[in-house]
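Note sheet for the following structure.
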Amino acid sequence: MIPLLIFYLHIIALAAGFTRRWQDEGVPEGLLAVFFIALIFFVGWSMASFIMKIVMPAEGWGLDRDAASLLLLTVAEGIFYYFYLKTDAPDGSPPPSGTLP
């Protein structure tokens, strides 16, 4: 159940990333955002699976290695995308319209 929820969350993130970049820059930038998110997902999943094989026993701790690696990946992606998409407003003014806080 956890992997299914994480896959759905990534599908929503793909749609949101495409829509935001498409509205700001056009279709090529939207497609580039989709490919970037997919690349981060697939490379991150393989790295998280490798880490979970080292840390976790084969029977797991209440969930299997795949679910644990997807949870680790989602947390790492959340932190990465938070800092990647964060906009700075140095003078205390609100960020420009159409950007994430």
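The values are calculated or read from the model by the stated rules, or taken from the named source; none is laboratory data. Note that the coordinates shown come from a computational prediction; the quantities given were computed from them, not determined experimentally. Positions of Cβ are backbone-derived with ideal geometry, glycine not excepted, and every protein chain shown enters the neighbour counts.
For residues that are without any contact (Cβ under 8 Å) to a residue 60 or more places away in the chain and either aliphatic (A, V, I, L, M) or under 19 Å from PHE7 (Cβ atoms) (or both), tally how many sit in the stretch 61-72.
5
Residue by residue, here is whether (1) modelled with pLDDT of 90 or more; (2) β-branched (Val, Ile, Thr) holds:
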site	(1), (2)
ILE11	yes, yes
VAL27	yes, yes
PHE41	yes, no
TRP45	yes, no
LEU71	yes, no
LEU85	no, no
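Return the residues of the stretch 7-24 that are within 16 Å of TRP45 (Cα to Cα) and of a type in the set (Phe, Trp, Tyr); say none if nothing qualifies.
Result: PHE7, TYR8.
Do the conditions hold for TRP22, that is, is it of a type in the set (Phe, Trp, Tyr) and in a helix (DSSP H, G or I)?
Working: of a type in the set (Phe, Trp, Tyr): yes; in a helix (DSSP H, G or I): yes.
Considered against the rule, which asks whether it is of a type in the set (Phe, Trp, Tyr) and in a helix (DSSP H, G or I), TRP22 comes out as yes.
Out of (1) touching a helix residue (DSSP H, G or I) at 6+ places or on another chain (Cβ under 6 Å); (2) under 25 Å from ASP66 (Cα atoms), what's the single condition that is false for MET1?
(1)
Give me a count of the residues in the stretch 37-66 that are surrounded by fewer than 12 Cβ atoms within 10 Å (Cβ to Cβ) and part of a loop (DSSP other than H, G, I, E, B).
The number of residues fulfilling the criteria is 5.
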